[in-house]
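Throughout, read-outs are computed from the coordinates displayed, never taken from laboratory work. Quantities reported herein were computed from a predicted structural model and do not represent experimental measurements. Glycine also receives a Cβ, built like all others from the backbone with ideal geometry; neighbour counts cover every protein chain displayed.
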Amino acid sequence: MQRRSRGVNVGLLMLLSQVFHVGINNIPPVTLATLALNVWLFLNPLKPLHYSCISVEKCYQQKDWQRLLLSPLHHADDWHLYFNMVSMLWKGIKLERRLGSRWFGYIITTFSLLTGVVYLLLQFTLAEFMNEPDFRRNCAVGFSGVLFALKVLSNHYCPGGFVNIMGFPVPNRFACWAELIAIHFCTPGTSFAGHLAGILVGLMYTQGPLKKIMETCAGVFSPNVGYPGQQYYFNSAGPSGYQNHYPDGRAGAYEETRRNYDAYTAGLSEEEQLERALRASLWDRELTRCMLNLLPWGLPIHRICFCASTSIEK
């Protein structure tokens, strides 16, 4: 299956609009590099989708393991790219500033590989237990498995509050599971196993041994690397959330950047920021009508499932 051709990649243009609206200087380096790499590979794919998607048949049976690296960085079309990268933009800004660029880059790399491995294990298990060989052939691409893992991290660091999913308030700690179910039902053709793999990888990091393993590996290969736990200072109010590192060598630089970011988000949740970003981008009424016609069952814009991996049917 080849990428669906378009005269104009509207989704890509909207993504660039969002990036410039936030301001390139306000986007941390690893997040910006991740966006740039995904856009570059969308415009200049290393391989066609059928040679970059991930499946048990292709990876395990045919030993084409390079797909573990290719699949999270390729997207089926410009809308798939847009919704994944807008989600990455907000998650990356929040998490990279909290964890530090080096550790966040380490997380992105590890999660990109592990979500593919866990996806293969899930598909293999389903094929064996249900005696259904199609699970071995299901092939998926997209960054949303990693995004679900990052969502688990985000909810772990900010556990309180509620998010609005399909019009229903859901506690933050259950948001990933609610989104998993909502996307599966409202967007046919998405990879349920790919999204579930991301959640499981996130839980391995927050609740399991993955973080300790990563810290051990980081210490072995680079003894000077900073762990996320070393990047905060404490005051009378508890963890401040600021890094103990100041660009430009002055104590006020980071706080100033952080305050600017908070002013931009206006205290909105990630989902509210995404909804506002969509509305800001859809400035043309005809474009809005065109988008609505493209959405399954004519769902409103604010109800679109923006984190979907696309399964490639053979």
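A few notes on this one:
- Based on C-alpha pairs under 8 angstrom that are at least 6 apart in sequence, region 140-201 has a relative contact order of 44 percent.
- When you count the other C-beta atoms within 10 angstrom of each residue and take the mean per peptide, 127-139, 193-205 line up highest first as 193-205, 127-139.
- Other-chain or far-sequence residues with amide H under 5 Å of VAL163's (modelled H): VAL170, ASN172
- Gyration tensor (alpha-carbon) shape descriptor, region 42-112, a/c threshold 1.5: oblate
- Anisotropy class assigned to region 81-133 is prolate, per the alpha carbon gyration tensor with a/c at or over the 1.5 cut-off and a/b larger than b/c.
- The H on the amide N of CYS139, modeled in the peptide plane, is under 5 Å from the matching H of ILE312, each at least 5 residues off or on a different chain.
- Global geometry of region 1-126, whether rounded, prolate or oblate, following the gyration tensor of its Cα atoms and the 1.5 cut on a/c: oblate
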